[in-house]
Each structure stands twice: as structure tokens, then as C-alpha cells.
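Please treat every number below as a calculation from the coordinates, not as lab data. Please read all numbers here as calculations on a predicted model, not as lab measurements. With ideal geometry, Cβ positions are generated from the backbone for all residues, glycine too; neighbour counts draw on all protein chains shown.
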Amino acid sequence: MEEKAYAKINLNLHVTGKREDGYHLLDSLVVFPDVGDYVSVEPADVDQADLVTLQITGPFSGSLQNEDLKNNLIVKAAYQLVACTDKSLSPIKLLLEKNLPVASGIGGGSADAAATLRLLIRYWGLKISAQELAQIALKLGADVPVCLNSVSQRMEGIGETLSLLPNLPQFGMILVNHGEAVSTAEIFRHRAAYFSKYIDSTQNLTSFDQLIQELIKLTNDLQPPACLLNPAINTVLQAIEELPFCRLSRMSGSGATCFGLFETEQQAQAAAAILTKKHSWWIWGGKGVAK
């Protein structure tokens, strides 16, 4: 069995407050373009000692090879499910094909964890309510709940308050990562002290032009401090802005991946081809809303 872990893109990201426990409150329109990692499961080897093991392959596997895999969100997600059942579960081997850049503001680890939850509920035949699953996801990380159902959503609170955006139009998107990771903690430390006001941005998003006009009013509050700490992000944003038919460029999440929006998938693919000839960055272009 296999699950696709779609990249998570924050079309905007407003920091609206901070809780007493230190967690920041966010407000973000989130989409899932048609690119991602793949998580698959197969029966354990005969001599496997642990209930769950993880093997990582793919173009971005190198940066994960030296980490303790027991601390990987995929393995943690599996054991969270184990803790929720009294069934005798068969040992498994999980395999991650890591196609997305690591620590890049597009929710790769969170999407992998969410895909693992979906995958193992099917594989082990578990009965878990939607409410319990959401609680498990939030324990794993603030971005995991929104990745459980990889469709367009508005994410509020610390990530637990979700509402669907059912009428969002199809559009094209490119993703660009220049290869330099940025520290989320450092970006929050350098963020301006003010908090963004709540904006009702879920109305009138049924056409591409309406979507662009609404997004122009919104921001990514983490983009200025990220660009301050890593000026190369500005270079990427400018390169995207100059592409034919690009209507908006912005950084996703805490960076450093940036995106550009286009009216069609074909325009985005052509734009990605242009950038690929000029730069050695990680570049993807295609459908902005996967499903």
C-alpha cells in the first residue's frame, strides 16, 4: 500500500496572536499542489526486531540519513496509532520516497506523518474516529491536522481549527527552493512585534482573478524576517515575478520555498522550464490544487 504526501503551501500566513504556552496563533489559506513524497508499507523482514522500521530513499533522503529514525514523524505517527488500539498488530517496514526539500516551509514532514496515519489505518484495519485522528495528528505537530485531508482549507488557531474552501478554482503553480534552509525559531524571533488582524478571506474565491485579488490583500508575516535572515529568498522571489504570466509570488510557511501562481497548469510548467535552464534550484511546476 502507498500514500502520497502532498506538499502544503500557505498562500498567506498571518500571525494573529500568541498563547501563554508559547504557541503562535495563525490564519492561513492552505492548498496542496500535485507534488509530494510517497509513504509505503510492506510486511516486516523475518528478523526485524522492532514493530515499525523506516527506510528513506529519494532525491532529498541524504539530509535525513544521519538522524535517529525513531524520532522521525513517520515512526512517531505509527506508534501513536499503536497506542490507540488493543489489537495485535503485524510488524511493518515503512518506506519514504523523499521528493520534497527538507525544512523548507511546505510541510513535508507533517504531510509524511499524515500520510502514514492514513496508510496504516487502512493497512492494519483500525477503527479510529475523525475526532480521535485529529487529536493524534495535533500531538504530532501543528501542521499535521491540515495534511490529513489534502484539500484546500483555511487553517486557524495553532493548526487545529480547519474549514474547507470548496469553491477554490484550479490554477497553475511553481515551487522553487534555492537549497538553503532557514530556522523557523529564528524567523519567529525576528518577526515584527505586531499581530495581524483577522480578515474574512474565504468569500468570493471562485475564479482565479478573484483569488489573486484577495491574496494581494494578504501577506506572509514570516516572509520579511526570513528574507532578512536569508537574502537569497528575495532573489528567488524576483526570479519568479519576472516569469511570463506570473500573477503572484510569495514565500510559503516559514520558508525558504517560494511559489508563483499562474492561471493555467501549462503556464506554470512552461515557467518552471524557463527557470530550470537558468538555475540549479529545486523547481517544480504543475497543478496548484491536486484534488
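Loop-located GluC sites (Glu not before Pro) in segment 3-96 (DSSP state not H, G, I, E or B) with no more than 11 neighbouring Cβ atoms inside 10 Å: Glu20, Glu67.
Dipole size of the chain about its Cα centre, with +1 on Lys/Arg Cβ and -1 on Asp/Glu Cβ: approximately 300 debye, rounded to the nearest 20. Take the alpha carbon atoms of segment 221-291, find their center, do the same for segment 86-145, and report the distance between the two centers in whole angstrom. Between the Cα centre of segment 221-291 and that of segment 86-145, the gap is 28 Å. In segment 2-163, Cα pairs under 8 Å separated by at least six residues give a relative contact order of 31 percent. In this label model, Ser163 and Ala83 are separated by 3.2 nm, measuring between points 7 Å along each Cα→Cβ vector.
Give, as ranges by residue number, the residues of segment 45-61 whose backbone N falls under 18 Å from the point 7 Å along Cα→Cβ of Ser90. What the label zone holds, given the 18 Å backbone N cut-off, is 45-54. Comparing Ala77, Phe60, Gln135 along the charge dipole axis of segment 2-163, the residue lying farthest to the positive side is Gln135, per the Cβ-charge model. Residues within the reach of a label modelled at Ala232 (point 7 angstrom out along Cα to beta-carbon, backbone nitrogen below 11 Å), restricted to segment 182-215, are 182. Short-range pairs are left out: with C-alpha atoms under 8 Å and at least six residues apart, the relative contact order of segment 141-268 is 30 percent. Of the cross-linked pairs Lys217/Lys287; Lys8/Lys197; Lys18/Lys278, which ones have a Cα-Cα span greater than 31 Å in the structure shown? Violating the 31 Å Cα-Cα cut-off are Lys18/Lys278. Compute the acute angle (0 to 90°) between the alpha-carbon long axis of helix 265-278 and the principal axis of greatest extent of the alpha-carbon atoms of the chain; round to the nearest 10°. The angle comes out at about 90 degrees.
Which of rounded, prolate or oblate describes segment 167-287 when judged by the alpha-carbon gyration tensor and an a/c cut-off of 1.5? Oblate, because a/c is 1.5 or more while a/b does not exceed b/c. What shape does the chain take by its C-alpha gyration tensor, where a ≥ b ≥ c are the square roots of the eigenvalues and a/c under 1.5 counts as rounded, a/b above b/c as prolate, and the rest as oblate? Cα axes put the chain in the prolate bin.
If I fit a long axis through the Cα atoms of helix 130-140 and take the longest principal axis of the Cα atoms of the chain, what angle between them do I get, 0 to 90°, rounded to 10? Compared with the principal axis, the helix lies near 80 degrees. Between the Cα long axis of helix 232-241 and the first principal axis of the chain there is an angle of about 70°, rounded to the nearest 10. Within a Cβ distance under 12 Å of Tyr38, other residues only, what is the Lys/Arg minus Asp/Glu net charge? Once all neighbours under 12 Å are counted, the net charge is -3.
State the answer as a single residue: which of Gly255, Leu168, Ser207 lies farthest towards the positive end of the charge dipole of segment 167-287, with beta carbon charges of +1 for Lys and Arg and -1 for Asp and Glu, about the Cα centre. Farthest towards the positive end: Gly255. If I build a Gaussian network model for the chain, linking alpha-carbon pairs within less than 10 angstrom, which residue out of Gly62, Gly107, Gly22 has the largest mean-square fluctuation? Comparing Gly62, Gly107, Gly22 in a Gaussian network model of the chain, the most mobile one is Gly22.
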